[in-house]
Amino acid sequence: NLNWLEVFAVFTSYSCTYLCVKERRINYPIGAISSAAYALLFLQNGLFASAILNAYLVPTLIYGWIRWRKDANTRPVTHVSLKMIPVYLAIAVAGYGGAALISQSLGGAMAWTDSLILTGTILAQFLLDNKKLENWIIWALVNVFAIYTYATSGLPLVAFQYVFFLANTVYGYLIWKGNLTHESLRTTDRNATNQGALTPAP
């Protein structure tokens, strides 16, 4: 039987992802609606870590809405700084261990991979909210585990959706990398222009 809650969650989630690639701020309210639908769907299927994750995402998407700013003055795409990589890894590992133990103690299905999806998504979403190019790499890893987890948990439509999401991470990375390059060129041109204006004529 077709699960209409699953259909609705998949449709709104993919719409949100497409709008993320296009750097449209409206992805956030759509993402909140999708996350609420997924929270209920995963709860019904015993995927507690995924349910908690999506319930957590609903209010935290406000942070991303603020960070992105309006489309006409959107935050530029940047790289993750090298000094922050160990910090992100340490938080992710600690979060994964805690989430896995809690999910396992509650008798959650696929506790270890489900918890990996949880911690990976939180990290990827934080990087996305701050317009870090590397968010697409984290999303790609999350999608691989999501395909396996949901395909073996009785959610074939969700699993199939994540195949598209995996392909979309490549598209998103290339689009954002191009935007990063263009922004760098614009910044260089502006700096050169300003420097020329400050240099007195001979």
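The values are calculated or read from the model by the stated rules, or taken from the named source; none is laboratory data. Keep in mind it's a predicted model, so treat the numbers as computed, not measured. Methodologically, a virtual Cβ is constructed for each residue, glycine included, from the backbone with ideal geometry; neighbour enumeration extends over all protein chains shown. Side chains are part of the model used for accessible areas, which takes the heavy atoms of the whole protein and leaves out ligands, DNA and RNA. Shrake-Rupley method; radii C 1.70, N 1.55, O 1.52, S 1.80 Å.
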task: For the stretch 137-157, enumerate the residues that are in contact (Cβ under 8 Å) with a residue 40 or more places away in the chain and open to solvent by 10 Å² or more (accessible area, probe 1.4 Å).
output: Thr152, Ser153, Gly154, Leu157
Conditions (1) surrounded by fewer than 16 Cβ atoms within 10 Å (Cβ to Cβ); (2) touching a Leu at 6+ places or on another chain (Cβ under 8 Å): number failed by Arg69: (2)
- line: Counting only residues in the stretch 1-58 that are among the aromatic types (Phe, Trp, Tyr) and buried (at least 20 other Cβ atoms within 10 Å of the Cβ), the one nearest to Ala151 (Cα to Cα) is identified as Phe42
message: It is to be established whether one or more residues within the stretch 72-79 are assigned to a loop (DSSP other than H, G, I, E, B) and free of Cβ contacts under 8 Å to residues at least 60 places away in the same chain.
response: yes
task: Scan the stretch 63-70 and give yes if some residue there is at positive phi and modelled with pLDDT under 90, otherwise no.
output: yes
query: Got a number for residues in the stretch 24-42 being out of contact with any Phe, Trp or Tyr (no Cβ under 8 Å at 6 or more places or on another chain) and part of a loop (DSSP other than H, G, I, E, B)?
result: 2
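Listed here are the residues, each with its yes/no results for (1) of a type in the set (Ser, Thr, Tyr); (2) in a loop (DSSP other than H, G, I, E, B); (3) closer than 19 Å to Leu57 by Cα; (4) modelled with pLDDT of 90 or more.
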{"position": "Ile138", "(1), (2), (3), (4)": "no, no, yes, yes"}
{"position": "Val144", "(1), (2), (3), (4)": "no, no, no, yes"}
{"position": "Ile147", "(1), (2), (3), (4)": "no, no, no, yes"}
{"position": "Asn168", "(1), (2), (3), (4)": "no, no, no, yes"}
{"position": "Tyr173", "(1), (2), (3), (4)": "yes, no, no, yes"}
{"position": "Lys177", "(1), (2), (3), (4)": "no, no, no, yes"}
task: Search the stretch 1-19 for residues that are more than 16 Å from Asn54 (Cα to Cα) and free of Cβ contacts under 8 Å to residues at least 40 places away in the same chain and pair each with any residue that is open to solvent by 50 Å² or more (accessible area, probe 1.4 Å) and among the aliphatic types (A, V, I, L, M) when their beta-carbon atoms are under 9 Å apart and the residues are at least 6 apart or on different chains.
output: Leu2/Leu157; Leu19/Ile26
